[in-house]
Amino acid sequence: MKVIISGASSGLGRALAQHYAATGATLGLIARRGDLLETLAAELPSDASVYVADVCDAPAIRAAAQDFLDRHGCPDIVIANAGISRGTLTEYAEDTEIFEDILATNVIGMINLFQPFTAAMRAAGQGSLVGIASVAGYRGLPGSGAYSASKAAAISYLESLRVEMHGKGISVITICPGYIVTPMTANNPFRMPFLLTAEDVAKKIVRIVENRTLFAVIPWQMAIVAPVLKLLPNFLYDRLFANAPRKPR
């Protein structure tokens, strides 16, 4: 098996890399932090090609993809996991750049990762494109406008891509995790319900991909809560969440 993972240097990406490596998979690992990436690759029991690149840098991602294709052939699984999150408020002009960075990484970065592999997958008539979205994409969370917007966009983009790839042998899988113990959530100053470790979520994602489940929410409790929140009328949702704790800016 051949697997590409972006955002592989820490958190969920690292846990996914460790799990697939334990199965003997050939890995292509992409992340911005080269030192962490090299350390991870040295610890893995299977072959791993390391690419130090930002998913926002389309030419760099295309070059990494081409190198992997040349060395190992078409991947079986491409996981767009790279993502960032920060508290944001529209009223602050300085937050506009943060909005841009989050949207670029979480949405355009996903597109940049998938694009170089689609032709090879279509030619092979097989493969899975896996996008890590979030339950935060179900409704806009106060203080997290950029993150919520990026994940809502990711969910819609992945649905469009799934329909485009229908009948071509390529599975497009949308995964919406809830709260995960990662550096991204380490500074959240509020209780995080149904919190899971990155290792637990990685195991669940592997099963989802194996089963080719096209849309999944993790954990099962969030699979109940998130759709209920989406169905709440606006006046009630606004009242319930107006004073909710917010991610620090």
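The values are calculated or read from the model by the stated rules, or taken from the named source; none is laboratory data. The structure displayed is predicted, hence computed values, not measured ones. Positions of Cβ are generated from backbone atoms using ideal geometry, with glycine treated the same way; all protein chains shown enter the neighbour counts.
Return the residues of the stretch 166-177 that are touching a residue at least 40 places away in the same chain (Cβ under 8 Å) and not basic (Lys, Arg); say none if nothing qualifies.
Of the residues in the stretch 166-177, the ones touching a residue at least 40 places away in the same chain (Cβ under 8 Å) are 168-177.
The answer is Gly169, Ile170, Ser171, Val172, Ile173, Thr174, Ile175, Cys176, Pro177.
Considering Arg62, Arg71, Arg86, the condition of being in contact with a Ser or Thr (Cβ under 7 Å, 6 or more places away or on another chain) and either more than 22 Å from Val135 (Cα to Cα) or of a type in the set (D, E, K, R) (or both) is satisfied by Arg71 alone. Quick check on the stretch 194-217. Is at least one of its residues over 19 Å from the mean Cα position of the chain (by Cα) and on the phi < 0 side of the Ramachandran plot? Checked against the condition, which is being over 19 Å from the mean Cα position of the chain (by Cα) and on the phi < 0 side of the Ramachandran plot, the stretch 194-217 yields no hits at all.
Residue-by-condition table, conditions (1) of a type in the set (Phe, Trp, Tyr); (2) at pLDDT 95 or above; (3) not in a helix (DSSP H, G or I):
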{"residue": "Lys151", "(1), (2), (3)": "no, yes, no"}
{"residue": "Ala154", "(1), (2), (3)": "no, yes, no"}
{"residue": "Glu159", "(1), (2), (3)": "no, yes, no"}
{"residue": "Val172", "(1), (2), (3)": "no, yes, yes"}
{"residue": "Pro183", "(1), (2), (3)": "no, no, yes"}
{"residue": "Asn187", "(1), (2), (3)": "no, no, yes"}
{"residue": "Ala202", "(1), (2), (3)": "no, yes, no"}
{"residue": "Arg207", "(1), (2), (3)": "no, yes, no"}
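This table checks each residue for (1) under 30 Å from Leu89 (Cα atoms); (2) buried (at least 20 other Cβ atoms within 10 Å of the Cβ); (3) of a type in the set (Phe, Trp, Tyr).
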{"site": "Pro116", "(1), (2), (3)": "no, no, no"}
{"site": "Gly131", "(1), (2), (3)": "yes, yes, no"}
{"site": "Gly140", "(1), (2), (3)": "yes, no, no"}
{"site": "Gly143", "(1), (2), (3)": "yes, no, no"}
{"site": "Ala146", "(1), (2), (3)": "yes, yes, no"}
{"site": "Ala152", "(1), (2), (3)": "yes, no, no"}
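Can we say Arg32 is of a type in the set (Lys, Arg), within 20 Å of the chain's Cα centre (by Cα) and surrounded by fewer than 23 Cβ atoms within 10 Å (Cβ to Cβ)? Yes: the conditions hold for Arg32. Close contacts from the stretch 26-48, counting a first residue that is within 20 Å of Ile61 (Cβ to Cβ) and touching a residue at least 40 places away in the same chain (Cβ under 8 Å) and a second that is crowded, with 19+ Cβ neighbours inside 10 Å and among the charged types (D, E, K, R), with Cβ to Cβ under 6 Å and a gap of 6+ residues or different chains, come to Thr26/Lys2.
Picking from residues in the stretch 43-54 that are closer than 17 Å to His19 by Cβ and not polar (S, T, N, Q), the one that is surrounded by the fewest Cβ atoms within 10 Å (Cβ to Cβ) is Pro45. Report yes if some residue within the stretch 222-235 is surrounded by 15 or more Cβ atoms within 10 Å (Cβ to Cβ) and either charged (D, E, K, R) or in a loop (DSSP other than H, G, I, E, B) (or both); otherwise report no. Taking every residue of the stretch 222-235 in turn, none turns out to be surrounded by 15 or more Cβ atoms within 10 Å (Cβ to Cβ) and either charged (D, E, K, R) or in a loop (DSSP other than H, G, I, E, B) (or both). Within the stretch 223-245, residues that are over 24 Å from Pro189 (Cα atoms) and touching a residue at least 60 places away in the same chain (Cβ under 8 Å) reach partners that are surrounded by 11 or more Cβ atoms within 10 Å (Cβ to Cβ) and of a type in the set (Val, Ile, Thr) with beta carbons closer than 9 Å, at six or more positions or on different chains, in the pairs Pro227/Val217. Scanning the stretch 142-152 for residues that are in contact with a Lys or Arg (Cβ under 8 Å, 6 or more places away or on another chain) and aliphatic (A, V, I, L, M) turns up just one, Ala146. Using beta carbons and a limit of 9 Å, which pairs, at least six apart or on different chains, have the first residue in the stretch 94-111 and closer than 13 Å to Tyr147 by Cα and the second one in a helix (DSSP H, G or I) and among the aromatic types (Phe, Trp, Tyr)? Correct list of pairs: Ile102/Tyr147; Asn106/Tyr147; Val107/Tyr157. Restrict the check to the stretch 102-115 and report whether at least one residue is within 21 Å of Ile208 (Cα to Cα), modelled with pLDDT of 95 or more, among the aliphatic types (A, V, I, L, M) and out of contact with any helix residue (DSSP H, G or I) (no Cβ under 8 Å at 6 or more places or on another chain). Within the stretch 102-115, not a single residue is within 21 Å of Ile208 (Cα to Cα), modelled with pLDDT of 95 or more, among the aliphatic types (A, V, I, L, M) and out of contact with any helix residue (DSSP H, G or I) (no Cβ under 8 Å at 6 or more places or on another chain). Contact annotation: residue pairs with Cβ atoms under 6 Å, 6 or more positions apart or on different chains, pairing a residue in the stretch 204-220 that is under 21 Å from Pro193 (Cβ atoms) with a partner that is among the charged types (D, E, K, R), are Ile218/Lys204.
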